[in-house]
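Quick note: the coordinates plus some simple rules give every number you see, no bench work behind them. On a predicted model such as this, the values are computed, not experimentally measured, just so you know. Every residue, glycine as well, gets a Cβ built from its backbone with ideal geometry; the counts of neighbours run over all protein chains shown.
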Amino acid sequence: MSAAKKRAGVAMSAAQLGRLLQNFGEDRAIIEAFVAWLRVEAGLSGNTVAAYLRDLAALHTYLTAHAERPVQRLADATARDLSDHLAWLKTRGEVEATKARKGTRLAGSSVIRHLATMKVFYRFLVQRELLKKSPADAIERPMRWRRVPNVLSPNQAKKLIDSSRVMPGAGETKARPRSSTKADSDAGSDMSQEHQAGAVSLALHQRDRVLLDLLYSCGVRASEAATVRTDDIKPELGIVIVIGKGNKQRIVPIGKPALESAKVYVEQHRRALLGPRTDPGTLLLSRSGQALERVAIWQIVKRHGRASGNDKVYPHALRHSFATHLLAGGADLRSVQEMLGHSDIATTEIYTHVDRSRLKEVIESHHPRERKKRAT
């Protein structure tokens with residue numbers, strides 16, 4: 001099995017897929033065919049396939065439970081049904097909304113993603129000759145306003161990573177008085193368990209540091225960090241191999257501090273988390289020795305964010321900070337695009353709007369009128 005396929009399996013297990021498919025009733029067979037098409041022909045990652053399924057499950061729930069004219073099969077939905085669903089996603093949860101509309105409203109970008117999912121799915125149905133025309137084609141894609149990403153200052157990023165340092169004295173066992181016979185045996189067992197708990201605690205702290213280094217020092221996504229394998233880090237080359245969206249492989253430089261923390265973790269601490277269990281191969285492990293999931297990564301980052309005095313930090317904010325700090329330091333846009341794995345440079349350009357201080361310095365240093373002012 002290829003490394004990319006192994007990562008896809010980590011991203012969405014058979015059990016997770018089964019739970020998602022339970023939401024579709026009569027449509028389960030066609031949804032299974034759609035999943036196979038996404039994986040084999042479109043080559044999408046497990047996380048992306050799961051996102052498509054969640055969007056379609058939300059559509060199916062709306063059509064069967066909230067639509068004015070209930071629809072039992074996705075293929076029977078009209079353009080009006082799909083349009084009403086998008087409006088429902090955008091407006092539900094308002095104070096004046098009806099009971100059927102209560103819930104969490106989605107941001108405009110998330111609604112656009114739902115529309116993209118519907119367009120792909122209904123084109124698939126047309127391709128399979130289950131429909132003559134896609135009802136989603138009648139819905140125009142709305143303009144998407146780009147928000148300036150949340151970016152940490154270099155000092156905030158340093159505090160966040162430093163918060164994951166191993167606590168002094170963690171894992172040390174206290175001396176116990178001498179016992180005899182069975183009591184002595186019980187004390188030895190207690191000391192062994194305490195030592196093991198201390199080793200796990202040390203391993204978790206070092207794992208967190210490696211995670212934060214990957215997010216900030218390499219700019220990887222949370223889902224990418226979760227699927228990095230121990231042999232993906234190449235210390236002799238100073239790189240880490242990352243599998244991104246669409247199972248596309250890219251090579252990202254990794255700095256010496258991050259390499260050192262990864263080395264210490266793998267050589268001294270990772271085994272404490274793995275224990276006697278089968279090694280899943282991923283670099284980052286949970287307390288139970290399993291591959292670390294994306295939700296757990298979010299929780300770890302939030303926890304260290306609070307410890308560093310920043311309760312608004314989240315995994316993607318570290319990726320934003322990575323890109324912004326590189327550009328502010330003089331890196332060229334194309335290099336940052338390649339390291340982030342963006343297929344379109346327009347996606348990377350958002351980071352050029354974040355830090356305006358460098359632009360001011362450029363004008364003051366190079367514009368002839370500004371140079372003349374300083375000279376006088």
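Structure data summary
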{"item": "Dipole magnitude of the range 11-67, debye to nearest 20 (Cβ charges: Lys/Arg +1, Asp/Glu -1, about Cα centre)", "result": "180"}
{"item": "Cα shape, the range 32-83, gyration tensor, a/c 1.5 rule", "result": "prolate"}
{"item": "Prolate/oblate/rounded label for the range 226-308 (Cα gyration tensor, a/c 1.5)", "result": "rounded"}
{"item": "Percent RCO, i.e. relative contact order, over the range 233-358, from Cα pairs under 8 Å lying at least 6 residues apart", "result": "15"}
{"item": "Violating pairs (Cα-Cα greater than 23 angstrom) within the set Lys159/Lys256; Lys159/Lys312; Lys132/Lys245; Lys119/Lys302", "result": "Lys132/Lys245; Lys119/Lys302"}
